[in-house]
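The structure under discussion appears below in the form of structure tokens.
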Amino acid sequence: MTVPVAGGTVKAADVTRLIAAAGATLTISSGSVTATPNSGHGFHKIAAETGTTDDLDTVSGLAAGEMVILLADSGDTITITDDGNFDLPNDADLTLEDDNPLLFRYDGSNLSYVGRPEPPERNPVTLDVITTDVQVVNDSSETFFATISLAANDLGTGNAVLLIWGHEFVNNTGSSQNYDTIIKLGSTKMIDINSGGIPTGRTDDLLNYAIISADGSASQECQWSNKLGTAAEDETGALDINIGTDLSTASASLSDTLLFALGILIKNP
């Protein structure tokens, strides 16, 4: 099977070769080396014939459509020239170093430079469930909170906290009732939104989520739907995130009220 690419096709088997175990280190002889794709190798280190610097102008052993990754042997610097079967951009020499792999494609006559095959560096991100909290009340006269506790430096630069929470109400008042949703970081209120009417009878709110992120300058943002709140709290100390429901805006009592919250810490090393 072949896959069309600009300038020709690439064999599907090439994909397997390029991620397979590296072939032997190839030592230059009179400007040339012989690759071993038939042995399943798509990657070779190139060593200087003598000393630590040398020129490479020819790679044999490849069939049309095959690709190969070349990398200089440790400590060597190899200059790839177009004096042999390399077809280089603008006829300019390329440099192989031990941390600078290059990818080439053979068209049956020449090796054309494709690019650098290494992926961009990515910082691993860790996810930790911090705490969960559940509050149950039967009184509309108070504001009550579920608390997510952050340890020191949890909300440091590049980190964030994903908040997931929900409410459940039984409204036996015979009319629609309102409540407020509040998010506080430490002592600072970030979000205070009236969430509209609760119809008569049981109402289960949809699951909510928000992100609190830090910027390293003792300033944090909380993004909830299209609402954005900010706070200025110490990012290196321990903090509580309080997600609350204020039922005092209701004109009559609401009963059997449940609030739960989950916090997930997203840590960027």
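A short reminder: the numbers here are calculations on the coordinates, not readings from a lab. The structure presented is a predicted model; accordingly, all values stated were derived computationally and were not measured. No Cβ is skipped: glycine too gets one built from the backbone with ideal geometry, and neighbour counts run over all protein chains shown.
Could you tell me the calculated FRET efficiency between Asp98 and Ile266, based on Cβ-Cβ distance and R0 = 51 angstrom, to the nearest 0.05?
So the FRET efficiency works out to roughly 0.90.
If the label point is 7 Å along Cα→Cβ of Thr25, which residues in segment 61-79 have backbone nitrogen under 17 Å from it?
70-79
Using the count of nearby Cβ atoms within 10 Å as a rough guide to exposure, how do Ile46, Ile264 rank from fewest to most?
Ascending number of Cβ neighbours within 10 Å: Ile264, Ile46.
Using 0.36 nm times the number of residues separating Ala64 and Lys189, minus their current alpha carbon distance, what extension gain do you get? List each step's numbers first, then the result.
On the way: separation 125, 0.36 × 125 = 45.00 nm, distance 6.60 nm.
Full extension from Ala64 to Lys189 adds 38.4 nm.
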